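Below is one structure, written out as C-alpha cells; comments come after it.
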Amino acid sequence: KQWYQRRVRGMVIGNTADYFYLGNLTKIDTHTRICIYLVCCILVVLAAAVAAFGYRDLNTLEDEDGIEDLLCSKSIQGRPVRDENTSVWLKVKHNLNLYKVTLLRKEVGYLLIVLFYNSFVLAFYTMTYQTCIGHVFKDRNLIPLMSLIFGTTAVIACPLCERIAAYLDNKIAALSFYILAIIAYYLVFLTFPSAATYGESDDPTSIKPTKGLILLIAVLLAITDTGFNIQANSLICLLFQAESEIGFMLLNSVMSVGTATVFFLCSYMSLYILLALLILFCTLATLCIILDVFKLGL
C-alpha cells in the first residue's frame with residue numbers, strides 16, 4: 001500500500017504543477033524546458049540519495065520477528081540459510097538457482113497475470129486515456145486535471161480499500177474492484193470513438209463527451225487501480241517473504257516491460273481493441289484472486 005501511495009502522491013504533486021504552471025501554455029519555450037529539466041535532475045539526485053542511504057521504521061522492529069514467521073509460513077520459499085563466509089561467486093550461484101526455482105513456480109505464473117494487468121492499466125491511464133482526451137477536447141487543462149483527480153482519488157482510496165479488506169472477504173473486495181473496472185471501461189467505450197487513439201475523429205459516440213464524465217471515469221479507474229495494486233503487493237509480500245528482493249524485482253520488471261509493451265502497441269491498436277484486452281486481463285486477474293490459485297487462504 002505504501003509503495004503505491006508514494007507513486008500516486010507523485011502524480012498529485014506533478015499534475016498540480018502541470019495544471020497551474022503549464023496548463024494554459026500553447027507553446028513551451030526554452031526557459032520553461034530548462035526549469036523543468038533542472039527540477040527533474042534535482043528530484044533524481046534526491047531519489048538516488050534516499051535509495052542509497054534509505055531509512056527504516058524503528059517502531060516496527062519489536063513486532064518484526066513475529067510477522068516474519070507468519071509470512072514465511074505462507075511463502076513459496078523456505079527461510080534461506082546461508083553461510084556468511086560464502087564466497088561472492090557461490091552467493092551469486094545460489095541466488096541464480098534460487099531465482100530459477102522460484103520463478104518457475106505456477107504461483108508466480110498466476111502472479112504475472114495480475115502484475116501485467118496492473119502495468120496495462122498504468123499505461124492506459126498515463127498514455128491512451130490522456131491521448132483520447134487530447135483528441136476530443138480542445139481544453140488542454142483537462143488532461144492534467146484528470147490526472148490530478150486520479151492521483152488524489154488513489155491517495156484517498158488506499159486507506160479506504162484497506163478498511164474494506166478488513167471487513168469484507170478478500171474475494172468480495174476483488175469482485176467489487178472488478179465491477180468498478182468494467183463500468184469504467186464501458187464508459188470509455190461509450191464516450192470515445194475507436195479511432196481516438198490515432199487522432200481527431202468525427203465518428204459518432206453513444207454518449208456525448210463531457211468534462212464531468214471524463215473525471216468520473218478517472219475516479220473509477222483510480223479506485224479499481226488502487227484495489228488491484230494493493231492485492232498485487234499483498235500477494236508479493238506473502239509469496240516472497242523469504243526472499244523479498246525476488247518479489248519486488250519481479251514487480252518492477254513486469255511493470256516496466258508490460259508498460260513499455262503497451263506503450264508500443266497503443267500506437268498501432270484502436271481504443272476498442274485495447275479496452276477488450278483490458279477487460280480480458282482484468283477478468284483473468286480477478287479469477288486468480290477469487291479462486292485463490294496462490295493457495296494462501298485469502
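The values are calculated or read from the model by the stated rules, or taken from the named source; none is laboratory data. Keep in mind that what you see is a predicted model, and the values were worked out from it rather than measured. Backbone-built Cβ (ideal geometry, glycine too); neighbour counts: all protein chains shown. Only protein heavy atoms, including side chains, enter the accessible area calculation; ligands, DNA and RNA are left aside. Shrake-Rupley method; radii C 1.70, N 1.55, O 1.52, S 1.80 Å.
Kindly indicate which of Val293, Val262, Val254, Val188 is closer than 30 Å to Glu162 by Cβ, touching a residue at least 40 places away in the same chain (Cβ under 8 Å), among the aliphatic types (A, V, I, L, M) and outside any helix (DSSP H, G or I).
Val293
Looking only at region 173-184, count how many residues are of a type in the set (Ser, Thr, Tyr) and either surrounded by 20 or more Cβ atoms within 10 Å (Cβ to Cβ) or in contact with a Lys or Arg (Cβ under 7 Å, 6 or more places away or on another chain) (or both).
Within region 173-184, residues that are of a type in the set (Ser, Thr, Tyr) and either surrounded by 20 or more Cβ atoms within 10 Å (Cβ to Cβ) or in contact with a Lys or Arg (Cβ under 7 Å, 6 or more places away or on another chain) (or both) number 1.
Please work out which one of (1) open to solvent by 10 Å² or more (accessible area, probe 1.4 Å); (2) at pLDDT 85 or above; (3) closer than 25 Å to Met255 by Cα is the condition Asn170 fails and give its number.
(2)
Answer yes or no: is there a residue in region 259-276 that is modelled with pLDDT of 85 or more, crowded, with 16+ Cβ neighbours inside 10 Å and within 18 Å of the chain's Cα centre (by Cα).
Within region 259-276, one or more residues are modelled with pLDDT of 85 or more, crowded, with 16+ Cβ neighbours inside 10 Å and within 18 Å of the chain's Cα centre (by Cα).
Residues that are modelled with pLDDT of 80 or more, at least 2 per element: which helices (runs of 4 or more DSSP H) completely within region 82-163 meet that?
It comes to 106-123, 129-136.
Picking from Phe248, Phe240, which residue would you name as being touching a residue at least 12 places away in the same chain (Cβ under 8 Å), closer than 30 Å to Lys171 by Cβ, open to solvent by 60 Å² or more (accessible area, probe 1.4 Å) and among the aromatic types (Phe, Trp, Tyr)?
The unique qualifying residue is Phe248.
For region 191-206, which positions are under 22 Å from Asp225 (Cβ atoms) and either assigned to a helix (DSSP H, G or I) or open to solvent by 30 Å² or more (accessible area, probe 1.4 Å) (or both)?
Residues satisfying the conditions are Thr191, Ala196, Thr197.
Restricting to region 212-234, name every residue that is open to solvent by 10 Å² or more (accessible area, probe 1.4 Å) and either of a type in the set (Gly, Ala, Ser) or at pLDDT 90 or above (or both).
Within region 212-234, Gly212, Leu213, Leu215, Leu216, Val219, Leu220, Ile223, Ser234 qualify.
Tally the residues that are open to solvent by 10 Å² or more (accessible area, probe 1.4 Å) and within 20 Å of Gly199 (Cβ to Cβ), restricting the search to region 111-159.
Adding up the residues that qualify gives 12.
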